[in-house]
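Here is the structure we will look at.
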Amino acid sequence: MLDGEALDNWLEYAAHQLGIEVESVETSYGEVESLMGHAAPALLRLPTDETVPNDMFLALLKTGRGQLTLLTPELVQRSVPIETTCHALRDPLNAPLLDARRELLAEAGVAEERRETVLAALLNEQLGTIRIGGCWLLRLPPNAGWWAQVRHTRLFQKLITLFGANVGQPLLLVSAWWLIGRGALQGHFEWVWLVAWALALLTMIPFQLLMSSTQGILAIDAGGLFKQRLLYGILRLEPEEISHQGAGQFLGRVMESESLELLALTGGFAAFFTVVQLATAAAILSMGIGGWLHSLLLIGWVALILLLGWLYARQGRIWLDTFRQMTNDMVERMVGYRTRVAQEDHARWHDEEDRELAHYLDLSAHFDHIGAGLNAIGPRGWLVLGLGWVLYLFVTKPELSTELAISLGGVMLAFQALSTLILGMRSVVDGITAWGQVAPLLQAAGRPVQAPNELVYNMGVNNTVVNRTQTATGSTSPTAEHPITERPAPMIMARDLVFRYRGRTQPVLRECKLDIYPGDRLLLEGESGGGKSTLAALLAGLRTPDAGLLLLRGLDHQTLGADAWRQHVVSAPQFHENHVFTETFAFNLLIGRRWPALPDDLMEAYTICEELGLSDLINRMPAGFQQMVGESGWQLSHGERSRLYIARALLQQADFIILDESFAALDPENLRLALECVLRRAPALMVIAHP
């Protein structure tokens with residue numbers, strides 16, 4: 001019988017082999033129905049009791065209309081009410097209370113037909129906050145192919161519905177023009193044509209509603225998929241890919257991602273379906289009074305608009321590059337405004353900003369002129385040209401009344417399509433320019449993920465701490481209890497490590513050798529730029545050596561996997577590379593352990609904070625552990641942040657902890673408390689400091 005972390009690890013390994021992602025979730029007693037209504041596809045573990053002595057699982061395929069579709073061991077789908085599954089999950093908690101509560105309701109005189117309802121309300125009130133686990137959500141991983149994601153979210157079916165609605169609406173519009181033209185241009189009027197015209201217009205309403213609702217649903221699903229892949233791609237970036245960028249460039253990427261998403265949600269649909277509408281309009285014009293010549297006139301006008309659009313896109317790229325640079329500079333100056341106030345000559349504060357602003361305004365004026373010309377020449381110019389040709393033919397061929405009505409409908413349909421084309425073209429131009437900023441993030445999301453190795457879940461790691469003292473040079477003092485001949489195998493072994501940063505020829509580390517044993521206390525000293533933090537990043541699995549051998553409990557990084565490696569080795573980076581998120585104090589403490597946190601997690605976090613001397617800070621904050629901290633919350637001092645980073649590392653329960661200059665900002669008393677806490681709690685420790 002597997003339980004706890006062992007079962008989670010096995011499911012993670014099995015899910016990866018199947019190309020899916022598994023996430024363990026839990027809910028409260030009172031929210032079981034809500035979870036069941038949105039969990040599919042999922043795997044449910046039934047609680048064990050006298051009636052269910054062995055592990056039993058339910059494979060939940062889908063939900064709908066109060067029913068759950070389950071997969072039986074015979075691979076047959078079966079529908080059961082949601083209440084049945086909820087009762088199965090709650091019964092072990094309900095069983096000890098049922099008899100007493102039923103007797104209480106009988107003595108209280110509650111009508112028999114209402115007792116079960118009242119009983120459920122009582123149990124929900126008493127047990128509502130108890131947590132129920134044993135549920136694993138099954139999803140496609142964020143790095144799955146685009147086509148697999150589209151099929152999973154059923155975007156293609158929604159796109160077909162939207163396509164049909166967009167084709168049907170203009171056809172109804174042209175039909176309405178044909179009907180009113182047939183009734184009005186034949187010299188006499190018949191009410192039947194007016195009724196048919198009104199019916200055609202009324203039929204357009206459900207098509208419009210269908211188009212709007214489908215486009216909204218499609219936009220939400222596509223936007224969610226885009227955001228998920230974008231966020232996942234950010235976490236898959238290598239440190240070298242973003243370490244040279246500033247806060248302004250990060251903000252620029254966020255803004256460009258919003259532009260690209262707006263393209264998909266608004267202008268992208270418009271540009272796509274405009275092509276369909278223009279093709280429909282050209283076909284209708286060919287059947288009208290002007291024939292194919294009228295259609296060729298429309299095609300030529302569209303070509304002219306596309307040429308202007310190309311000029312608009314080229315100027316837009318220049319304008320956007322300038323805008324990005326201004327945004328980057330503005331954010332950097334906002335972040336460093338204290339330095340500017342204290343150091344920079346006040347008389348020259350805005351000289352560079354004024355030059356950048358003047359250049360930006362010139363580019364904006366040129367860009368707006370092209371856009372205004374595109375708006376003026378595009379749909380309005382076609383309306384004058386198309387109606388002028390129809391008027392000329394009407395004067396020269398007055399007998400073709402029906403064809404005249406068709407031509408009028410085609411001209412108006414093309415006018416509407418060209419108006420939408422201009423809007424869509426702007427969005428497409430913005431999206432193309434934004435793609436250069438967002439593409440690296442989306443491409444990073446598609447990078448292959450290292451498969452969890454089965455050895456990770458069966459290697460039986462021995463976490464026994466050996467009492468042993470080691471100096472920074474690696475010398476060992478044997479004791480009577482642990483003679484040097486009986487020392488265990490090293491937990492981490494490094495041989496001839498070589499590492500160089502991208503774009504540099506000289507390596508930062510060369511022929512680095514190191515053995516780290518359980519219970520070691522290492523002090524790594526050296527001058528700035530000597531490679532201390534680089535070595536820490538290699539040991540923590542944040543970087544990969546260019547050459548050499550690095551093993552954790554006998555397994556290399558590729559065999560063990562990045563996630564498993566970082567579960568055993570945790571690093572608290574230097575102060576400028578660490579971060580306090582604008583969230584609760586508890587979240588910032590337990591972000592590397594588990595969130596939402598369990599009561600035991602919060603108790604241990606508070607104990608460690610007490611040992612680090614942070615209890616006074618917690619007592620001062622109005623909301624305690626739930627106080628919002630960070631740039632937009634409670635401001636923490638340099639020393640308080642440093643101790644928060646130390647506590648965050650200790651709470652991850654790793655075998656080896658690396659603290660990179662974590663004690664530099666502490667006063668002597670807090671330094672003593674922090675050292676005592678770290679030495680007492682860290683199974684193995686490396687402290688990086690300046691001499």
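The values are calculated or read from the model by the stated rules, or taken from the named source; none is laboratory data. These numbers were taken from a predicted model, which means no experiment stands behind them. Using ideal geometry, Cβ is built from the backbone for each residue, glycine included, and neighbour counts are taken over all protein chains shown. Side chains are part of the model used for accessible areas, which takes the heavy atoms of the whole protein and leaves out ligands, DNA and RNA. Shrake-Rupley method; radii C 1.70, N 1.55, O 1.52, S 1.80 Å.
Structure above, values below:
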item	result
Fraction of accessible area attributable to carbon and sulfur, segment 314-421 (%, probe 1.4 Å)	63 percent
q = 0.13, 0.18, 0.20 Å⁻¹, segment 379-445: log10 I(q)/I(0) [Debye, one scatterer per Cα]	-0.54, -0.73, -0.81
Size of segment 102-239 as Cα extents on the principal axes (Å, biggest first)	88, 65, 20
At 1.306 mPa s and 10 °C, Stokes D of segment 87-166 from Kirkwood alpha-carbon radius, µm² per second	92 µm²/s
Heavy-atom accessible area per residue - segment 524-571, 1.4 Å, Å²	43 Å²
For peptides 348-360, 58-70, 496-508, sequence by mean Cβ density within 10 Å, most packed first	58-70, 496-508, 348-360
Calculated FRET efficiency for the pair residue 333/residue 556, C-beta based, R₀ 30 Å, to 0.05	0.10
1.4 Å probe accessible area per residue over segment 590-660, in Å²	43 Å²
Cα-Cα P(r), the chain, percent of pairs per 10 Å interval	2, 10, 15, 18, 17, 15, 11, 7, 3, 1, 0, 0
Cβ crowding within 10 Å averaged over residues, with 571-577, 198-204 ranked highest first	571-577, 198-204
Surface share of carbon and sulfur [accessible, 1.4 angstrom probe, percent] for segment 491-581	47 percent
Protein accessible area in segment 119-158, 1.4 Å probe - carbon and sulfur %	61 percent
Estimated Rh, segment 497-591: Kirkwood, alpha-carbon pairs, angstrom	15.2 Å
Aspartates and glutamates with Cα under 16 Å of residue 158, excluding same-chain neighbours fewer than 8 positions away	221
Under the Karplus curve 6.51 cos²θ - 1.76 cosθ + 1.60, θ = phi - 60°, whole-Hz ³J(HN,Hα) for segment 210-219, x wherever Gly or Pro sits	4, 5, 5, 5, 5, 5, x, 5, 5, 5
Simple Cβ-charge dipole of the chain, Lys/Arg +1 and Asp/Glu -1, about Cα centre, in debye nearest 20	2020 debye
Relative contact order of the chain, pairs being alpha-carbon contacts under 8 Å that are 6 or more residues apart, as %	11 percent
Average accessible surface area per residue within segment 68-187, 1.4 Å rolling probe, Å²	60 Å²
Alpha-carbon centroid distance for the pair segment 654-691 / segment 291-318, whole angstrom	67 Å
